[in-house]
1. Scan segment 208-239 for residues that are part of a helix (DSSP H, G or I) and open to solvent by less than 40 Å² (accessible area, probe 1.4 Å) and report the count.
2. Taking segment 24-39 on its own, how many of its residues are more than 14 Å from Arg114 (Cβ to Cβ) and outside any helix (DSSP H, G or I)?
3. How about segment 88-175: which helices (runs of 4 or more DSSP H) wholly inside it have at least 2 residues that are small (Gly, Ala, Ser), open to solvent by 70 Å² or more (accessible area, probe 1.4 Å) and more than 15 Å from Cys73 (Cβ to Cβ)?
4. Check off (1) more than 18 Å from the chain's Cα centre (by Cα); (2) under 18 Å from Val233 (Cα atoms) for Ala135 and give me the number that stays unchecked.
5. Yes or no: segment 199-207 includes at least one residue that is assigned to a helix (DSSP H, G or I) and either touching a residue at least 40 places away in the same chain (Cβ under 8 Å) or under 16 Å from the mean Cα position of the chain (by Cα) (or both).
6. Residue check, Arg85 against (1) modelled with pLDDT of 90 or more; (2) assigned to a helix (DSSP H, G or I), all met but one. Which one?
7. If a residue must be over 21 Å from the mean Cα position of the chain (by Cα) and either open to solvent by 70 Å² or more (accessible area, probe 1.4 Å) or at pLDDT below 90 (or both), how many such residues does segment 1-39 contain?
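The values are calculated or read from the model by the stated rules, or taken from the named source; none is laboratory data. Being a predicted model, the structure only gives us computed values, none of them experimental. Backbone-built Cβ (ideal geometry, glycine too); neighbour counts: all protein chains shown. Ligands, DNA and RNA are stripped out before the accessible areas are found, and what is left, the full protein with its side chains, is counted by its heavy atoms. Shrake-Rupley method; radii C 1.70, N 1.55, O 1.52, S 1.80 Å.
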Amino acid sequence: MTQMTTHIPKITVQSTIHGKYTGAGLSTEVYDAIALGKINPRLFDEEKALFNSKWFDYRRMHPVEATYLFAACYSHAYAASSIKRTGKYSPGIRGSRDIFSGKSTNYQALWRARQQADRLGIPYPVFCDSGMAHAERLLWQRPPRPQHLCCDALQVGIIEGWLDAIKTSVRVPYDAWYRLDNFEGHPYQVAYQDWLCEQIKERRHQEYALATCIFMEKVLSVEVAAKHFPPEVVRRAVDLGCEM
């Protein structure tokens, strides 16, 4: 990332595959300018390693855009927890406000919390919702702030929430780039298919999950499945797929 003088426009709410959130869909140059002007270089230097661990939907996103998305997920989770606790709506982050126009301590905390989600490879909604839920179980008086989501007390609940999520359903990225009709052999696409197969191996009835991924979600090929599973499992999955 090089020094630049890019004008930073007023940030507004835009719609993406992840829904509507402030700071979505801007140019790389604008995101770079925000990072250069707002983020501690040491924090930004950690981003390179995170591209190989973060949830697959975020691997093609600029870290600044990902932080905007994380902020939206956090605000939604905070509001849900606040309503559950008090019956009153409180978003944690005000409306469509640009987080990077506020206090440095606030957006730096959001950045660090987002990085923690990326280290663990957990989708941001799951990370934030699980953190809020575990804080409730621990009888915290208030929903956790972004910096609290990184504390040891909540990490156990966050990780458990993610493990429960992937046990109960096949996790498919929102990004259609991971579907077979867009497959181009990119390392992220290959990594997702390998990750998916490892998750399916943990299931009792592997053929059902395979059939779903191959024939319904179309994120896994029969050829790749055959590299990970016994022939009889793949054959049963194909038979099931023909009925879908």
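1. Taking segment 208-239 and keeping what is part of a helix (DSSP H, G or I), we get 208-216, 222-228, 231-239.
Retained after the next criterion (residues that are open to solvent by less than 40 Å² (accessible area, probe 1.4 Å)): 209-214, 224-225, 233-234, 237.
Residues flagged as part of a helix (DSSP H, G or I) and open to solvent by less than 40 Å² (accessible area, probe 1.4 Å) within segment 208-239 amount to 11.
2. Result for segment 24-39: 4.
3. Details: elements: 104-120, 124-137, 152-168.
No helices (runs of 4 or more DSSP H) qualify here.
4. (2)
5. Quick first cut of segment 199-207, residues assigned to a helix (DSSP H, G or I) only: 199-200, 206-207.
So of that shortlist, the ones also either touching a residue at least 40 places away in the same chain (Cβ under 8 Å) or under 16 Å from the mean Cα position of the chain (by Cα) (or both) come out as none.
For segment 199-207, residues assigned to a helix (DSSP H, G or I) and either touching a residue at least 40 places away in the same chain (Cβ under 8 Å) or under 16 Å from the mean Cα position of the chain (by Cα) (or both): absent.
6. Going through the list (1) modelled with pLDDT of 90 or more; (2) assigned to a helix (DSSP H, G or I), Arg85 breaks only (1).
7. Total meeting the criteria: 14.
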